[in-house]
1. Once you order the gyration tensor axes a ≥ b ≥ c over the Cα atoms, which shape class does the stretch 22-136 get: rounded for a/c under 1.5, otherwise prolate or oblate by comparing a/b with b/c?
2. Show the residues, 5+ positions off or on another chain, whose built amide H is closer than 5 Å to the amide H of S149.
3. If you build a Gaussian network model of the chain, linking Cα atoms that sit under 10 Å apart, which residue out of A199, A84, A96 swings the most?
4. Mean residue ellipticity at 222 nm from the helices of the chain, using -39,500 (n - 2.57) per DSSP H segment of n ≥ 4 over the full residue count, to the nearest 500 deg cm²/dmol?
5. Provide the gained length on full extension for the span T125 to Y26, in nm with one decimal, where the gain is 0.36 nm per separating residue minus the Cα-Cα distance.
6. Taking the chain as a Gaussian network, Cα atoms linked when under 10 Å apart, which of L188, L66, L112 shows the biggest mean-square fluctuation?
7. Could you order the peptides 173-186, 9-22, 126-139, 149-162 from most to least packed, using the average number of other C-beta atoms within 10 Å per residue?
8. Taking only C-alpha pairs under 8 Å that are 6+ residues apart, what is the relative contact order of the stretch 86-199 in percent?
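Just so it is clear, none of the values below were taken in a lab; they were calculated from the coordinates. From a predicted model like this one, the values you see are computed outputs, not experimental measurements. Cβ: placed from backbone, ideal geometry, glycine included. Neighbour counts: every protein chain shown.
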Amino acid sequence: MKLYTFFRSSAAFRVRIALNVKGVPYESLPKVFAKHEHRAADYLAVNPQGLIPALDVDGNVLSQSLAIIEYLDETHPRPPLLPADPIGRANVRSMALAIACDIHPLNNLRVLNYLKGPLQHDEETIHRWYRHWITQGFAGLEAQARRFSARQRYLFDDSVSMADLCLVPQIFNARRFATDLSAFPTLLAITAHLESLPAFAAARPEVQPDAK
């Protein structure tokens, strides 16, 4: 498999964790955001969405991180990233989507660049925007984590799930922007445990080949 990635992309971070959890070897093909390589014609021919990540599986290119993660879970079922029962799967997807659909899209690089460029907001205003949406999203996720986590080691029950793959990159981003996370002790406890796991540690941005 070939993973089109960028070291600091939280969506790519999720997929790197999934590949590591599943023990699936892959080739990393970084795209430099600062050079707009993800918008170049050659990459758009591969992934018309022009987004990172994309996973090339024998010439079949998959896009969107959660779709890729579910593909990996279906084709490499051990260890599972979704519970066996429908209610459990729905709850895990709810937490994953709260991050991937409600928090992350408001804070990704395209949005921040638009705030800075055409809308001409200063850096402090942009950072306040970033921290606001993380705090809003984490409030609900903290309550769900208290409800569903077994021992404050994972977001759901007592094993790694797709929701955990979304949590760790979002916490990483929150810390980059100096977000006050003191109101989310359950999320912090879970993240501390997850970051100690080899599959998560090996996916961290700073240890990627393209890290700057």
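1. Oblate, because a/c is 1.5 or more while a/b does not exceed b/c.
2. Under 5 Å from the amide H of S149 lie the amide H atoms of D157, each far enough along the sequence or on another chain.
3. Looking only at A199, A84, A96, the biggest GNM fluctuation is shown by A84.
4. Helix contribution divided over all residues of the chain: -15500 deg cm²/dmol.
5. 31.7 nm
6. Of L188, L66, L112, the most mobile in the Gaussian network model is L112.
7. Per-residue Cβ counts within 10 Å, averaged per peptide and sorted highest first, yield 9-22, 149-162, 126-139, 173-186.
8. Value for the stretch 86-199: 30 percent.
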